[in-house]
1. Just for segment 192-222: of the residues that are surrounded by fewer than 16 Cβ atoms within 10 Å (Cβ to Cβ) and among the aliphatic types (A, V, I, L, M), which one is nearest to residue 5 (Cα to Cα)?
2. Just name the residue that is surrounded by the fewest Cβ atoms within 10 Å (Cβ to Cβ) out of those in segment 50-109 that are among the acidic types (Asp, Glu) and farther than 22 Å from residue 27 by Cβ.
3. Of all residues in segment 23-54, which are part of a loop (DSSP other than H, G, I, E, B) and closer than 19 Å to residue 142 by Cα?
4. So, restricting to helices (runs of 4 or more DSSP H) that lie completely within segment 58-146, which ones have at least 3 residues that are among the small types (Gly, Ala, Ser) and in the same structural domain as residue 41 (by TED's automatic domain parsing)?
5. Which numbered condition trips up residue 41, out of (1) without any contact (Cβ under 8 Å) to a residue 40 or more places away in the chain; (2) assigned by TED's automatic domain parsing to the domain that holds residue 125; (3) within 28 Å of residue 195 (Cβ to Cβ)?
6. Assess whether residue 29 counts as being farther than 29 Å from residue 210 by Cβ, small (Gly, Ala, Ser), out of contact with any Ser or Thr (no Cβ under 9 Å at 6 or more places or on another chain) and surrounded by fewer than 16 Cβ atoms within 10 Å (Cβ to Cβ).
7. Among the residues of segment 173-190, are any more than 24 Å from residue 33 (Cβ to Cβ), at pLDDT 95 or above, surrounded by 15 or more Cβ atoms within 10 Å (Cβ to Cβ) and not β-branched (Val, Ile, Thr)?
Amino acid sequence: MLEMLDNPQLVKIHFETHDDLVLVWANGAPPLVAEFVQVKGAEADKLWSVADLCLRKKQAVGSSIFEKSLDRDQHEETACFRIVTLRPVVSALTPLTYKRGNEARAIDCDEMVALKADLDGRMPNVVSKRGNGTGYWLDNCQWDARHDEVAVKTHNRMRLFEIMQAAGSLLLLEHIDILLDELRKLVKTAGDAKWKPDKAKKILTRKAFLTMWDACLAKLKDDAAQPSGGKLIEKMSNASLTGTVVAMAVDMRLDYARSVRTSRYMQPDEASQLQGRVKSEVQNLSAKRAAGTLDLDGPAFHALCVDRMDAINASLPADQGDRSAFLKGCMYDIADRCLLRFDRTGL
């Protein structure tokens, strides 16, 4: 999905139709290229080998990973292939992990010649319906080892941050996670849909996806920019805070919301770190107040929270710049989301 967002050549995705995924590429001149993707999640705790690639279920012809993959070469689009695994591969399969077109995986290099001979020996005379055999499959197959879920999530976060940065809109980590969650929901919904009667739900064009994406961004922008039904105002009023103090708090929260969408001067790690410090500080203060070790009324507790934001700002390295407004805006955003109260209600 992130590739489709970033790359206009990826024009369509099929979810669990002919394969786990089918990526349709428009690389310029016709015909289109269909990339058939097999995702292997349940794997043995070992390296993938040529034998694994050729293993047939109950000796049934056509049941191996290799045969199933090559068999997809039967449509009008030019076929290429991708295998996604958590485990890496043995050295014999390493050339397939290089990008297509890399000279280190040229079909006539020693490693690929040896791999083709091994594959031919295990799968003799296997060809696709279009007459292509092992050489074609090796030349057009990409092996994509993803290692673990944490690494994938980290990669996706950074990829989305870079995409949005290139588009002129930086996002904080919490907003990136919201958008990634929406993408995961979209993928799951498409995968769970049945070909009949919901064929349309299983195929997503780039045009339709960008429309959905723009709607998600607009909703995120609206949620951040509005005072969320006046919750912040209500909480401050309940704490006997009125007038310009409340108005300034609302304004600082709106500035914070704008900065997390448009700032070009703050990396996601820095923003996430600052948010974490604000959350930790207000949690400490709220806990002390709930325990009775901090006996302050609403205005005094609010003033203490503001002072602590200034203290955090003063502790930052000089080259980080003045983040006081960001920290206070973040604090007010936390209050607006019902995670911080300035009055004593609910303690």
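The values are calculated or read from the model by the stated rules, or taken from the named source; none is laboratory data. Just so we're clear, the structure is a prediction, and the values are computed from it rather than from any experiment. When we count neighbours, we look across all protein chains shown, and the Cβ atoms used for this are built from the backbone with ideal geometry, even at glycine.
1. The qualifying residue nearest to residue 5 (Cα to Cα) is 210.
2. 108
3. 26, 27, 32, 41, 43, 47, 49
4. The helices (runs of 4 or more DSSP H) meeting that bar are 110-122.
5. (1)
6. no
7. no
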